[in-house]
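A short write-up of the structure that comes next.
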Amino acid sequence: MAELATEQQILDGLAEIIDDIVGIDKDEVTPEKNFIDDLDIDSLSMVEIAVAAQDQFGVEIPDDELRNLKTVQDVINFVQKLQGENPALKG
Amino acid sequence: MTVALRIPEATAGARIMAFGDYRPARVVTNDELARTVDTSDEWIRSRVGIAERRIAGDDEGIVELAVHAGGKALANSGLAPGDIDLVILTTCSAESPMPSHAPAVAHRLGIDAPGAFDLNAACAGFCYALATASAAVRAGSARNVLVIGSEKMSQWLDWTDRSTCIIFADGAGAAVVTASDAPGIGPVVWGSAGDGFDKIIIPDRHSFIQQEGQAVFRWATGAIAPIALEACERAGIAPADLAAIVPHQANLRIVEAVARKVKASNAIVADDIVHSGNTSAASIPLALSRMIERGDVPSGAPALLVGFGAGLSYAAQVIQIP
């Protein structure tokens, strides 16, 4: 069940998803990393990661938003923002 | 006045006796395509997983391709043409909507006056046709069914559109389905997402295949694995017991994503797309034929089939390898 996640929980969840989909070690996934330049993740893998993140965090990341999410921190901020806007996830 | 109609006695199960395939002679490499559209071997391999594909000749249409594959499946089954009483041809790349192709294919194969019709569920077509054949056999509507997926996608391609011409290809694959006391074709899980009807489309007779690649990729990598898992559950087969996973060969990245989510740790995953491209309704029987010919899967072992594509239509079932 999705619930409001802390920044660290989102980071850990994202690192696990990335490890599962593209096999990058969890320790490599840190907030400042750029998906394309630092982690060598292409746009198709980003779509897969977005779908998995959707299942895990309960927020939809559409394709046109996905294009703007360049770094791990961008995704964390986006998930937190949408979770905050979702009344079902509030206390 | 009401009457009681007589119906045939139902049969417990249906099974696949044999497969057959046909790959057109002409091989088109990525480098060849890169000479006419802005693409590269490296880009196509990494994004789609295709190294080369087969393209049919001008004299090879849907019927011609189907006759080759159907004839091979028939020969492999050991049945005579006269034993077949239903022919189902599945295609989404016909050059003409009328007549349907199945009667002509049956005639060319020497099958006398069978039930014959075409079925269009795009890239899910083979799984739909197999389920229809199984149901017909079990209900007593047919004894032996020839199911053929035959596609000439090349005639609906814009060869200047690098987002589609690198993906789709031509070919045909077939299976012979017969009655069986022990079921060899599991329950089908089928469905559709009609809100995505315009994601893969040929808008009219003067147009070519158009595809919203990223939207389709998102749908396929998210929605298909649960369908595949449901087919396993309904057949009573644990994913770990599968010997093979044969998803529609849409894109190797989608194939790998589906396989990863099914978690069939002991299964070989079909990758015929590398050498055959995306042949729509023909891709699953083409892949299975190659796996069986190479001895990759033992006879009697369970394999998971899952088709998905334009519609958006999808279908999955577990079969026993003949």
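The values are calculated or read from the model by the stated rules, or taken from the named source; none is laboratory data. This is a predicted model, so every value here is computed, not measured. Cβ placement follows ideal geometry from the backbone for every residue including glycine, while neighbour counts extend to all protein chains displayed.
Just wondering, is there one or more residues in the range A:66-82 that are buried (at least 17 other Cβ atoms within 10 Å of the Cβ), under 18 Å from B:W219 (Cβ atoms), at pLDDT below 90 and among the polar types (S, T, N, Q)?
No - not one qualifying residue is present in the range A:66-82.
For the range A:44-58, which positions are at the interface with another protein chain (Cβ under 10 Å from one of its Cβ atoms), of a type in the set (S, T, N, Q) and touching a residue at least 12 places away in the same chain (Cβ under 8 Å)?
Selection gives A:S45 alone.
Considering only the range B:12-22, I want to know if a residue exists there that is part of a loop (DSSP other than H, G, I, E, B) and not small (G, A, S).
Start the filter on the range B:12-22 by keeping residues that are part of a loop (DSSP other than H, G, I, E, B), which leaves B:12.
Those left that are additionally not small (G, A, S): none.
There is no residue in the range B:12-22 that is part of a loop (DSSP other than H, G, I, E, B) and not small (G, A, S).
Has the range B:42-57 got at least one residue that is of a type in the set (S, T, N, Q), under 22 Å from B:S141 (Cβ atoms) and more than 18 Å from the chain's Cα centre (by Cα)? Quick ask: steps written out before the conclusion?
First, the residues of the range B:42-57 that are of a type in the set (S, T, N, Q): B:46.
Among the residues that remain, those that are also under 22 Å from B:S141 (Cβ atoms) are: none.
No; the residues of the range B:42-57 include none that is of a type in the set (S, T, N, Q), under 22 Å from B:S141 (Cβ atoms) and more than 18 Å from the chain's Cα centre (by Cα).
For the structure I just gave you, tell me whether B:I88 is touching a residue at least 40 places away in the same chain (Cβ under 8 Å) and in a loop (DSSP other than H, G, I, E, B). First the steps, then the outcome.
Working: touching a residue at least 40 places away in the same chain (Cβ under 8 Å): yes; in a loop (DSSP other than H, G, I, E, B): no.
Considered against the rule, which asks whether it is touching a residue at least 40 places away in the same chain (Cβ under 8 Å) and in a loop (DSSP other than H, G, I, E, B), B:I88 comes out as no.
Within the range B:235-258, can one find any residue that is within 22 Å of B:W219 (Cα to Cα), within 19 Å of the chain's Cα centre (by Cα), among the acidic types (D, E) and buried (at least 19 other Cβ atoms within 10 Å of the Cβ)?
no
How many residues does the range B:39-62 contain that are assigned to a helix (DSSP H, G or I) and surrounded by 20 or more Cβ atoms within 10 Å (Cβ to Cβ)? Full working, then the answer.
First pass over the range B:39-62, keeping only residues assigned to a helix (DSSP H, G or I): B:41-47, B:62.
Filter again for surrounded by 20 or more Cβ atoms within 10 Å (Cβ to Cβ), leaving B:44, B:62.
Qualifying residue count, the range B:39-62: 2.
So A:A50 fits all but one of (1) surrounded by 15 or more Cβ atoms within 10 Å (Cβ to Cβ); (2) in contact with a strand residue (DSSP E or B) (Cβ under 7 Å, 6 or more places away or on another chain); (3) within 25 Å of B:I44 (Cα to Cα); what number is the exception?
Of (1) surrounded by 15 or more Cβ atoms within 10 Å (Cβ to Cβ); (2) in contact with a strand residue (DSSP E or B) (Cβ under 7 Å, 6 or more places away or on another chain); (3) within 25 Å of B:I44 (Cα to Cα), only one is false for A:A50: (2).
Evaluate the range A:70-90: report whether one residue or more is in contact (Cβ under 8 Å) with a residue 60 or more places away in the chain and either within 14 Å of chain B (Cβ to nearest Cβ) or among the charged types (D, E, K, R) (or both). Explain how you work it out, then say what you get.
Here is the first cut: in the range A:70-90, the ones in contact (Cβ under 8 Å) with a residue 60 or more places away in the chain are A:72, A:75-76, A:79-80, A:83-84, A:89-90.
From the residues that got through so far, the ones that are either within 14 Å of chain B (Cβ to nearest Cβ) or among the charged types (D, E, K, R) (or both) too are A:90.
The answer is yes; a qualifying residue exists.
Could you list, in sequence order, all residues of the range B:244-273 that are within 19 Å of B:G149 (Cβ to Cβ), away from chain A (no Cβ under 14 Å) and either touching a Pro at 6+ places or on another chain (Cβ under 9 Å) or not in a loop (DSSP other than H, G, I, E, B) (or both)?
B:A244, B:I245, B:V246, B:P247, B:A270, B:I273
For the range A:12-29, which residues satisfy the criterion of being touching a residue at least 24 places away in the same chain (Cβ under 8 Å) and of a type in the set (D, E, K, R)?
A:D20
Out of (1) loosely packed, with under 13 Cβ neighbours inside 10 Å; (2) over 13 Å from A:I18 (Cβ atoms), the odd one out for A:D40 is which?
(2)
Taking into account only those residues within the range B:5-32 that are in contact with a strand residue (DSSP E or B) (Cβ under 9 Å, 6 or more places away or on another chain) and over 29 Å from B:P302 (Cβ atoms), which is nearest to the other protein chains (Cβ to nearest Cβ)?
Step one: list which residues in the range B:5-32 are in contact with a strand residue (DSSP E or B) (Cβ under 9 Å, 6 or more places away or on another chain), which gives B:11-30, B:32.
When the remaining residues are screened for being over 29 Å from B:P302 (Cβ atoms), the result is B:24-30, B:32.
Values: B:P24: 28, B:A25: 32, B:R26: 29, B:V27: 26, B:V28: 23, B:T29: 22, B:N30: 17, B:E32: 24 Å.
Only one residue tops the list, namely B:N30.
Which condition does A:I61 not pass, out of (1) more than 22 Å from B:A257 (Cβ to Cβ); (2) β-branched (V, I, T); (3) crowded, with 20+ Cβ neighbours inside 10 Å, if it passes all the others?
Failing condition for A:I61: (1).
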